[in-house]
1. Is there a residue being in contact with a helix residue (DSSP H, G or I) (Cβ under 9 Å, 6 or more places away or on another chain), assigned to a helix (DSSP H, G or I) and within 20 Å of residue 98 (Cα to Cα) anywhere in region 51-62?
2. Determine, yes or no, whether residue 79 is surrounded by fewer than 16 Cβ atoms within 10 Å (Cβ to Cβ), at pLDDT below 95 and assigned to a helix (DSSP H, G or I).
3. Would it be correct to say that residue 23 is more than 17 Å from residue 98 (Cα to Cα) and without any contact (Cβ under 8 Å) to a residue 40 or more places away in the chain?
4. Considering region 4-34 alone, what residues qualify as being at pLDDT 90 or above, touching a helix residue (DSSP H, G or I) at 6+ places or on another chain (Cβ under 7 Å) and either under 12 Å from residue 109 (Cα atoms) or surrounded by fewer than 17 Cβ atoms within 10 Å (Cβ to Cβ) (or both)?
5. Select from region 37-68 the residues that are in contact with a strand residue (DSSP E or B) (Cβ under 9 Å, 6 or more places away or on another chain) and exposed (fewer than 15 other Cβ atoms within 10 Å of the Cβ) and list them in ascending order.
6. Mind listing just one residue for me: the one in region 94-113 that is modelled with pLDDT of 95 or more and assigned to a loop (DSSP other than H, G, I, E, B) and, of those, surrounded by the fewest Cβ atoms within 10 Å (Cβ to Cβ)?
7. Specify the residue that is nearest to residue 6 (Cα to Cα); the eligible residues are those in region 95-113 that are without any contact (Cβ under 8 Å) to a residue 60 or more places away in the chain and touching a helix residue (DSSP H, G or I) at 6+ places or on another chain (Cβ under 8 Å).
8. Scan region 114-127 residue by residue and report those that are without any contact (Cβ under 8 Å) to a residue 60 or more places away in the chain, more than 15 Å from residue 36 (Cα to Cα), in contact with a strand residue (DSSP E or B) (Cβ under 7 Å, 6 or more places away or on another chain) and not in a loop (DSSP other than H, G, I, E, B).
């Protein structure tokens, strides 16, 4: 199965997955699963790094680590952006809304630890 990772996973994976639930670790360690991360998540990390200068994560290093470990980068397309317009106003975070739209458009499951994101209908799995 293919999964799109919420931005939180990009923070947790480089430090050995210590923030991951047992269910998330099980999915990630299953060689039958494939994982994608969004360009939007890298953008979000860039903005967080600019806002919180002491943030320990370098977005370039996070992206490189993800690619080196076999994760696929999913670019943002206008189809993804337009799909945001059809989402209910459950969550206000624009990055999370874009990830939800990407999962819907691409027909892949979004993995998240965020209960608010998990309230959306569609291919979302809270772990």
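1. yes
2. no
3. No.
4. If the condition is that a residue be at pLDDT 90 or above, touching a helix residue (DSSP H, G or I) at 6+ places or on another chain (Cβ under 7 Å) and either under 12 Å from residue 109 (Cα atoms) or surrounded by fewer than 17 Cβ atoms within 10 Å (Cβ to Cβ) (or both), then 4, 6, 33 are the ones that fit.
5. Listed by number, the list holds a single entry, 67.
6. Going through the qualifying residues, I end up with 107.
7. Ranking the qualifying residues of region 95-113, first place goes to 100.
8. 118, 126
The values are calculated or read from the model by the stated rules, or taken from the named source; none is laboratory data. Owing to the predicted nature of the structure, the values given are computational and were not obtained by experimental measurement. FYI the Cβ positions are ideal-geometry reconstructions off the backbone, even for glycines, and counts take in every protein chain you see.
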